[in-house]
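Here the structure is laid out as structure tokens; the discussion comes afterwards.
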Amino acid sequence: MNNFSKILIDWYSEHKRELPWRESTDPYIIWISEIILQQTRVVQGYDYFMRFINRFPDVKTLAEAEEDEVMKYWQGLGYYSRARNLHTAARSMNGAFPKTYPEVLALKGVGEYTAAAICSFAYDMPYAVVDGNVYRVLSRYLGIETPIDSTEGKKLFSVLAGEMMDKSRPAVYNQAIMDFGALQCTPQTPVCLFCPLADSCIALSKGLVMKLPVKQHKTKTTNRYLNYVYAHTNTYTFINKRTGDDIWKNLFELPLIETVESVTEEEFLALPDFTKLFASGETPVVHSVCRDVKHVLSHRVLYANFYEVNLPEDTLSFSSFQKVRTEELGQYAVPRLIHAFLEKYV
DNA sequence: AAGACGGGGTG
DNA sequence: CACCCAGTCTT
């Protein structure tokens, strides 16, 4: 075993985090935890994992569930394609989790990182994980300035990760390097003063720690303007399921009119897309509930306005939307933005 | 090769 | 505000 992996594993034995999915070698448990943890911090995903496993303890249970319920268990976590893919993958398994790397990799929503994680943690196969932590630890330790989001960089780090791995203990090694990245070799203020790898870290000796890893990516954000209509009777509320390739696919929301620019209340009330929601003869009685609610996504900034429309019990308006009992709204998976509105005003 | 996809934490 | 998080899929 090389010195790098020995130091890492020694460090891990003293500093490892106790996490429920580490108590198991059930590939299903590992799989769920890994999907939840994609682009998601442990503290953020922890409760979701516990709830999810409690409701869907095995492949069969998940495969037999309705997608809408799976989405509900994912509500608020973000990157909802993970939940859809999870469900699709469960149904593709025929009751048994696949046992080879190529089969695991072929699962919907499972890429190279997750396949390596599952196969090493569950089966102790020698596949090196390459996640954000590994990019950071290796780029610093080896002093590599190749951008990690370039094709060349991805290939290079994949090779290096395999070379640095202790192939006699892939499961422990993979956990060790990721915990090391998460707790010691952190993005902002790494603990270089007390680092067990300080003697041989290239970035530290060259003063490159804060410059690594290099990313060439620059994401530009754009604005979107959402006008929601909380249309309801005394007992029912109108909702809509988002379909199509856009944010929040397969989640529910209130009737929405999106505009290219921000619109005032007067402008909104005159919008044909709004007025046409009302059956002829029914006069819109609308009041603005809240405006310019800012909701930030990673590459979008959403500005939302909410309008309330009170309708008679036998209304013919909003006929293109789903009419659900207001007290049953809670069983529908909704985006954070909608959930916050519902909590506050409904 | 570049974007899209959520939401939250950190400095 | 900028960057990052146990990444993957689509164009």
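Which one of A:Ala176, A:Ala182, A:Ala203, A:Ala171 is over 30 Å from A:Asp292 (Cβ atoms) and either without any contact (Cβ under 8 Å) to a residue 60 or more places away in the chain or among the β-branched types (Val, Ile, Thr) (or both)? Break it down stepwise before answering.
Working: A:Ala176 fails: either without any contact (Cβ under 8 Å) to a residue 60 or more places away in the chain or among the β-branched types (Val, Ile, Thr) (or both); A:Ala182 fails: either without any contact (Cβ under 8 Å) to a residue 60 or more places away in the chain or among the β-branched types (Val, Ile, Thr) (or both); A:Ala203 fails: either without any contact (Cβ under 8 Å) to a residue 60 or more places away in the chain or among the β-branched types (Val, Ile, Thr) (or both).
Criteria check complete, one pass: A:Ala171.
When you look at A:Tyr46, is it open to solvent by 20 Å² or more (accessible area, probe 1.4 Å), within 13 Å of DNA strand C (Cβ to nearest atom) and not in a helix (DSSP H, G or I), yes or no?
On the way: open to solvent by 20 Å² or more (accessible area, probe 1.4 Å): yes; within 13 Å of DNA strand C (Cβ to nearest atom): yes; not in a helix (DSSP H, G or I): no.
Against the criterion (open to solvent by 20 Å² or more (accessible area, probe 1.4 Å), within 13 Å of DNA strand C (Cβ to nearest atom) and not in a helix (DSSP H, G or I)), A:Tyr46 does not qualify.
Specify which of the listed residues (A:Phe194, A:Phe180) is farther than 30 Å from A:Asn310 by Cβ and open to solvent by less than 20 Å² (accessible area, probe 1.4 Å).
On the way: A:Phe194 fails: open to solvent by less than 20 Å² (accessible area, probe 1.4 Å).
Being farther than 30 Å from A:Asn310 by Cβ and open to solvent by less than 20 Å² (accessible area, probe 1.4 Å) holds for just one of A:Phe194, A:Phe180, which is A:Phe180.
Could you pull out the residue among A:Arg55, A:Arg17, A:Arg82 that is over 16 Å from the mean Cα position of the chain (by Cα), open to solvent by 10 Å² or more (accessible area, probe 1.4 Å) and within 13 Å of DNA strand C (Cβ to nearest atom)?
On the way: A:Arg55 fails: within 13 Å of DNA strand C (Cβ to nearest atom); A:Arg82 fails: over 16 Å from the mean Cα position of the chain (by Cα).
None of the others qualify; the one that does is A:Arg17.
Please specify each residue of the range A:85-138 satisfying the condition of being of a type in the set (Gly, Ala, Ser) and either surrounded by 23 or more Cβ atoms within 10 Å (Cβ to Cβ) or within 16 Å of DNA strand B (Cβ to nearest atom) (or both). Break it down into steps so the answer makes sense when it comes.
First, the residues of the range A:85-138 that are of a type in the set (Gly, Ala, Ser): A:89-90, A:92, A:95-96, A:106, A:109, A:111, A:115-117, A:120, A:122, A:128, A:132.
Answer for the range A:85-138, where residues must be of a type in the set (Gly, Ala, Ser) and either surrounded by 23 or more Cβ atoms within 10 Å (Cβ to Cβ) or within 16 Å of DNA strand B (Cβ to nearest atom) (or both): A:Ala90, A:Gly109, A:Gly111, A:Ala115, A:Ala116, A:Ala117, A:Ser120, A:Ala128, A:Gly132.
Does A:Thr259 satisfy being under 14 Å from A:Phe318 (Cβ atoms) and either free of Cβ contacts under 8 Å to residues at least 60 places away in the same chain or in contact with a helix residue (DSSP H, G or I) (Cβ under 8 Å, 6 or more places away or on another chain) (or both)? Spell out how you get there, then give the answer.
Values: under 14 Å from A:Phe318 (Cβ atoms): no; either free of Cβ contacts under 8 Å to residues at least 60 places away in the same chain or in contact with a helix residue (DSSP H, G or I) (Cβ under 8 Å, 6 or more places away or on another chain) (or both): yes.
It is false that A:Thr259 is under 14 Å from A:Phe318 (Cβ atoms) and either free of Cβ contacts under 8 Å to residues at least 60 places away in the same chain or in contact with a helix residue (DSSP H, G or I) (Cβ under 8 Å, 6 or more places away or on another chain) (or both).
Being farther than 30 Å from A:Leu342 by Cβ, surrounded by 12 or more Cβ atoms within 10 Å (Cβ to Cβ) and of a type in the set (S, T, N, Q) is the filter here; which residues of the range A:199-258 pass it?
Answer for the range A:199-258, where residues must be farther than 30 Å from A:Leu342 by Cβ, surrounded by 12 or more Cβ atoms within 10 Å (Cβ to Cβ) and of a type in the set (S, T, N, Q): A:Ser200, A:Ser205.
The values are calculated or read from the model by the stated rules, or taken from the named source; none is laboratory data. Note that the structure is predicted; figures quoted are calculated from it, not measured. For neighbour counting, all protein chains shown are included, and Cβ atoms are generated from backbone atoms with ideal geometry for every residue, glycine included. Surface accessibility is based on the protein's heavy atoms, side chains included, excluding ligands, DNA and RNA. Shrake-Rupley method; radii C 1.70, N 1.55, O 1.52, S 1.80 Å.
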